[in-house]
Every structure is written in C-alpha cells, then in structure tokens.
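To start, the structure itself, in structure tokens.
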Amino acid sequence: MAPRVPSLLVAAVLLLGLAAGVARASNEEGDALYALRMRLSDPNGVLQSWDPTLVNPCTWFHVTCDHASRVVRLDLGNSNVSGSIGPEISRLVNLQYLELYRNNLGGEIPKELGKLKNLISLDLYANKLTGRIPKSLSKLSSLRFMRLNNNKLAGSIPGELAKLTNLKVIDLSNNDLCGTIPVDGPFSTFPLRSFENNSRLNGPELQGLVPYDFGC
C-alpha cells in the first residue's frame, strides 16, 4: 500500500498553487497597466505609484482590486493625462469599470476593448478620440453605461450595439457621427439628447427608409 500523504501537506500544496495563480494573474495585469503607463504623458504625476517591480498593482493609486487581487476598476478620470489607449488593456479581463474621461487621450478606441466581458461602465468622454466606434463593443454583454461623448469620433453607430441588452445609459453626443440612429434593443429607450450635436447624424425615424450609413 502506498504511503498516505498528510492532509495538511495536500492543503498547503493547493494553497501554494492558488497563490501562484493569483500572483501570475496580478503580474499580467500589472504588465498591462504599465504598458498603458508607458503610452501616457503624465504632467501631474498621478501615475507615480505605478511601480512595475511590486508583486501586484493593487497598491497603485487609481487602481482597485477585488478580494482575489484582480483589477476590477481603473479610474484616471480628470487626470490631465495624454497619449493613447493601447490594445494591452484587454488583458485586464476582470475589469468592470474603465474611467478615462476628461483627459487628452487621442487615437482610436482599440477594438480589443471588446474582450472585457465583465465591463459594466465605459467612460471615455471628453477626450480627443478619433476613428470609428468599434463593432467589437457589442460583445460587452455586461455593459450598462457607455459614455463616449465630446470626442472626435466619426462614422456610423454600429447596429451591433443593439445587442447590449443590459445597456441603460449611452451618450454619443458632440462627435462627428453620421448615418442613422439604431432603433432596436435598448436604443428604443435612449433620449435623442444622447446623440445630439452630430451634424451628419439623422434621426431614428429614417431607419429602414434610407441606407444605414446615409450621410456618411
């Protein structure tokens, strides 16, 4: 008969394995956040605490973790940072709140944001973002708040966003969007002020009567 392994030893091995898994996840998230840090200009020094030599990013300012040391919130709103949002942010797979509003961020919204399946709030308003709204955002099934207003976004509103059945608030105003406003899914409940000041964007009453990208 094979010797029995003491139960305490088994428990210790399991705990060590779990701790190692958490550490790996934390390090990957720290790497992703530091990659974002390297993209940003930070004149006010709000990111000084983002030290890549630490075990995990949970002690960094503007980063919130859950009980398992997984990053669930990134809050850099109104921080006077500039630069771009890179695809590496999609590695924050447990992220629920992405708050980057009122900064000087430019470039396009990376399509990789569509991988953040746990995201509840996406606040990128009042920046200088350009390009189109990625269709991949329609994969954010948990999303409740999407505020992309006051940027320089162009192109049509992706009809795929109508799949976001949990979406309660959307604000796409003050951009350069064109085409028509979707009418399906949650779009049937959104007020027209959510889309105002897009001079080439037509009202939802034209949906189905003209091409979707009419005026683009």
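The values are calculated or read from the model by the stated rules, or taken from the named source; none is laboratory data. Because the structure is a prediction, the values reported are computed rather than measured. Virtual Cβ from ideal backbone geometry, glycine too; neighbours counted across all protein chains shown. For the accessible areas, the whole protein counts, side chains as well, though only heavy atoms, and no ligand, DNA or RNA atoms are used. Shrake-Rupley method; radii C 1.70, N 1.55, O 1.52, S 1.80 Å.
Residues checked against (1) modelled with pLDDT under 95; (2) assigned to a loop (DSSP other than H, G, I, E, B):
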| site | (1), (2) |
| --- | --- |
| 23 | yes, no |
| 28 | yes, no |
| 37 | no, no |
| 45 | no, yes |
| 53 | yes, yes |
Check: Quick one: is residue 163 open to solvent by 70 Å² or more (accessible area, probe 1.4 Å), farther than 27 Å from residue 47 by Cα and either among the basic types (Lys, Arg) or touching a Phe, Trp or Tyr at 6+ places or on another chain (Cβ under 7 Å) (or both)?
Finding: yes
When region 60-85 is checked residue by residue, the ones that are within 16 Å of residue 32 (Cβ to Cβ), open to solvent by 40 Å² or more (accessible area, probe 1.4 Å) and among the polar types (S, T, N, Q) are 64
Counting only strands (runs of 3 or more DSSP E) entirely within region 118-194, those with at least 1 residues that are in contact (Cβ under 8 Å) with a residue 60 or more places away in the chain and farther than 24 Å from residue 74 by Cβ are 154-156
Subset of region 86-98, residues assigned to a strand (DSSP E or B) and open to solvent by 40 Å² or more (accessible area, probe 1.4 Å), comes to 97
- [ ] May I ask you to verify whether residue 184 is open to solvent by less than 20 Å² (accessible area, probe 1.4 Å) and acidic (Asp, Glu)?
- [x] no
Going through region 124-139 in order, the residues found to be surrounded by fewer than 21 Cβ atoms within 10 Å (Cβ to Cβ) and more than 14 Å from the chain's Cα centre (by Cα) are 126, 128, 130, 131, 132
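Residue check: is residue 153 modelled with pLDDT of 95 or more, closer than 23 Å to residue 171 by Cα, crowded, with 18+ Cβ neighbours inside 10 Å and over 15 Å from the mean Cα position of the chain (by Cα)?
yes
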Over region 101-123, the set of residues among the small types (Gly, Ala, Ser) and open to solvent by 30 Å² or more (accessible area, probe 1.4 Å) is 107
